Amino acid sequence: MDFGPYLLLASLEGAVLASVLALMASGLSLVFGVMRVVNVAHGEFYMLGAVLAWWVASLAGGSVVLGFVLALVLAPLIVGAIAATADIVVLRRLSYDPERTIVATIGLLYIIQQLTLMSYGPEARPVVAPFNTRLAIPWFEFADGGLRMYWPWGLSTTSYKLFVIFAAVAVLLGIRVMMTRSRAGLLMRATQQDREIAQAFGIPVERVYAVVFGIGAGLAALAGVLIVPIQQAHYLMGLDALLLSFIVVIIGGLGSLAGTVIAAVLIGMSEGIISVFFSPTLAKIIATLLVAFVLVFRPQGLMGKRVR
Amino acid sequence: MLRVEGIDAGYGRAQILRGVSLEAPAGRITCLMGRNGAGKTTTMKAIMGFLPLRAGRITLDGEDLGHLPPHEVPRRGIGYVPQGRRLFAELTVAQNLEIGMMTRRSPPEVLERVLSLFPRLRERMDQRAETLSGGEQQMLAMARALCLRPRLLLLDEPTEGLQPSMIALIRQVVERMRDEGVAILLVEQRIDAVLSIADQVVFMENGRVVDGAAGEALRADPGPLHRYLGV
């Protein structure tokens, strides 16, 4: 097989990673943008999504498709409700003080992680994809003086991976429409820009915060549900995902959804491609190095605004 | 009528207001005057419910405001035009007004009426607030507050840094609101502006109300103005 097919394969893997990352990181970015809260527990919401997906799928028993669809709907709702409760019970009482909320979300991280370990256990468990047809991909080569199509051995993807990419794109578009077109989005953006004045115009800021924290966590959970047929559910899976999300959000510009998506594609694709051709460790090194450069040369991130 | 009775308030542990009492009757313009740091803006913030009251009571037409959550205060009919305008900078003019309209679910004709007071905004509806000129931003801040059909209007230095034509327009609108029976509490630094518009003046110093005077009396003898503003 030539270089081309390999590159295509690596890009597809990268695109799947990028989609999941974009979903998760946009949740982190939304929470930071509106609430100015750095949510260290975000990775645990992702893990909870994956674990709940396994749980729902195994409760649904026989029907794989039904179980998966239920998980896709229920897991983000449950996780969103847990997060909104955590916001009301913990973060609201800290008056959203930046330093104290970091410490509080670290605490939340360990509580969720250890509770999962105690109930779900240390095993990694798979969820069967609802559909997983192997799709062979054709490639072209020059032979006998003309272009010829052929099917290289091993060059394939699955229908599920394509579904993940499309689902992520659809959800991200939905979030964008919600933020720019809906009444709820208007309230969130007004709160983001001036919390005090938002209150002076009757916006129940605390309720907006609880909803935003819930939506942010719900996005992470959705990412977790989507990934679990590809990567198994494990109680420690949140840490790596959290790290990558932070990398994406810092590069994209904290609080900028567009920047987050661009950075997720950048990091996801390079991670996919570099992991295939070199090693996953090198991919991590390069991503971290990129963050260092962004912080030095463009601290507000690619699309972020300078703090006024 | 707004009645503030002996309130203590401040930021964190720092107490700013000490026993502040004042009244702003409907259909009258009450000016709040004093040097920088006297507690004028803090008084407005306390009325809006941003700062917890440590003592005292705030009532509007007899209803207690002091114990409402902050977002419920404006829903009682209080429009706030803060110092420095503080628009929702990245939202459009239309969206800024929409937020004012949502506060008390004003019917659509309110927006029409507000835009007829500030026709310039109508041409700028889809522009982001941060791209407006200073005068237009002040119009928008006023318009946003008027969209909630206020019974009480709090204006914190609404003419600061504006050109004379714009000051005249803002003043016209304030007088019109007064004539419609809105209670107006105005923080203003310019003596000539106060003299020409105020029905009554309250002087503040170091977080206390130290004196009060009717507008008529000050026009006859502006002595107290100079005493409390030190000019």
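For this structure, a couple of remarks:
- Being over 18 Å from A:A25 (Cα atoms), open to solvent by 60 Å² or more (accessible area, probe 1.4 Å) and among the hydroxyl-bearing types (S, T, Y) is a condition met by no residue of the range A:286-304.
- For A:I230: the one exception among (1) modelled with pLDDT of 95 or more; (2) away from chain B (no Cβ under 11 Å); (3) open to solvent by 10 Å² or more (accessible area, probe 1.4 Å): (1)
- Filtered residue count, the range B:23-64, keeping only those that are open to solvent by less than 10 Å² (accessible area, probe 1.4 Å), of a type in the set (A, V, I, L, M, F, W, C) and away from chain A (no Cβ under 13 Å): 8
- For the range A:105-130, the candidate set comprises residues that are open to solvent by 30 Å² or more (accessible area, probe 1.4 Å) and in contact with a Phe, Trp or Tyr (Cβ under 6 Å, 6 or more places away or on another chain); within that set, the residue that is modelled with the lowest pLDDT is A:R125.
- Of the criteria (1) within 14 Å of chain A (Cβ to nearest Cβ); (2) among the polar types (S, T, N, Q); (3) over 15 Å from the mean Cα position of the chain (by Cα), which one B:Q83 fails: (3)
- B:L186 vs. criteria in a helix (DSSP H, G or I) and more than 14 Å from chain A (Cβ to nearest Cβ): no
- Some residue of the range A:3-17 being of a type in the set (G, A, S), within 12 Å of the chain's Cα centre (by Cα) and open to solvent by 10 Å² or more (accessible area, probe 1.4 Å): no
- Selection count, the range A:191-209, where residues are out of contact with any His (no Cβ under 7 Å at 6 or more places or on another chain), within 7 Å of another protein chain (Cβ to nearest Cβ) and more than 21 Å from B:R149 (Cα to Cα): 2
- Near pairs, Cβ below 6 angstrom, 6+ apart or cross-chain, from the range A:278-296 (closer than 17 Å to A:L21 by Cα) to any residue that is not aromatic (F, W, Y): A:A283/A:E271; A:A283/A:I274; A:A283/A:S275; A:A287/A:I247; A:A287/A:I267; A:V291/A:I247; A:V291/A:I250
- Hey, A:V261 open to solvent by 20 Å² or more (accessible area, probe 1.4 Å) and either out of contact with any helix residue (DSSP H, G or I) (no Cβ under 8 Å at 6 or more places or on another chain) or more than 28 Å from A:V56 (Cα to Cα) (or both) or not: yes
The rows are residues; the columns are (1) open to solvent by 10 Å² or more (accessible area, probe 1.4 Å); (2) modelled with pLDDT under 95.
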position: A:A50; (1), (2): no, no
position: A:V69; (1), (2): yes, yes
position: A:A86; (1), (2): yes, no
position: A:V103; (1), (2): yes, no
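- Sole exception among (1) over 16 Å from A:I112 (Cβ atoms); (2) touching a helix residue (DSSP H, G or I) at 6+ places or on another chain (Cβ under 8 Å); (3) in a helix (DSSP H, G or I) for A:L173, by number: (2)
- Filter result for B:G207 (open to solvent by less than 40 Å² (accessible area, probe 1.4 Å) and closer than 25 Å to B:Y11 by Cβ): yes
The values are calculated or read from the model by the stated rules, or taken from the named source; none is laboratory data. What you are looking at is a predicted structure, and each value in this text was computed from that prediction instead of being measured. Heads up, the Cβs are rebuilt from the backbone with ideal geometry, glycines too, and the neighbour counts pull from every protein chain shown. Just the protein is used for accessible areas: all its heavy atoms, side chains included, with ligands, DNA and RNA removed. Shrake-Rupley method; radii C 1.70, N 1.55, O 1.52, S 1.80 Å.
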